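Chemist: The structure's right below; bear with me while I get my questions together.
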Amino acid sequence: MAEPGEAKFEQQTVKIYHTPGKAPTCVPDPIVISKKQKHEVVWTCQSQENFTVVMQSPSPFAQSAFTQDDSHSGEPILTPDTGKQLQFKYTVIVGKDTADPGVIIEP
């Protein structure tokens, strides 16, 4: 629960599905979030495995890496122009397997 004066974000979940030896699948891919609506991305792994998410540079968030213990992106720090979208790729690592899904930020 947000403390008074703290921003409260609407969580948009990306579910990571993984079968060892195969590339993880992220749903949805890409995830679309809105800065105006105070969306944040939350990553979860359906197989309960440890995972790492690494944003490709530049990161649209204050952090560039996330894990199962710190899986909330927070609000995007970049703001698209009205009527435009910003698109970013990121890498999901589960065990030795990787995937490169995307995130789209709308105003």
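The values are calculated or read from the model by the stated rules, or taken from the named source; none is laboratory data. Note that the coordinates shown come from a computational prediction; the quantities given were computed from them, not determined experimentally. Please note: Cβ atoms are built from the backbone with ideal geometry, for glycine as well, and neighbour counts cover all protein chains shown.
Chemist: Just checking, which of LYS89, LYS15, LYS36 is part of a loop (DSSP other than H, G, I, E, B) and at negative phi?
Modeler: When all the criteria are applied, what remains is LYS36.
Chemist: Right, another one. Give the residues of the stretch 61-86 that are surrounded by fewer than 16 Cβ atoms within 10 Å (Cβ to Cβ), among the small types (Gly, Ala, Ser) and either part of a strand (DSSP E or B) or touching a strand residue (DSSP E or B) at 6+ places or on another chain (Cβ under 8 Å) (or both), sorted by residue number.
Modeler: Correct list: SER64, ALA65, GLY74.
Chemist: Inspect all residues belonging to the stretch 44-57 and state whether any of them is in a strand (DSSP E or B), at pLDDT 95 or above, of a type outside the set (Val, Ile, Thr) and surrounded by fewer than 17 Cβ atoms within 10 Å (Cβ to Cβ).
Modeler: Checked against the condition, which is being in a strand (DSSP E or B), at pLDDT 95 or above, of a type outside the set (Val, Ile, Thr) and surrounded by fewer than 17 Cβ atoms within 10 Å (Cβ to Cβ), the stretch 44-57 yields no hits at all.
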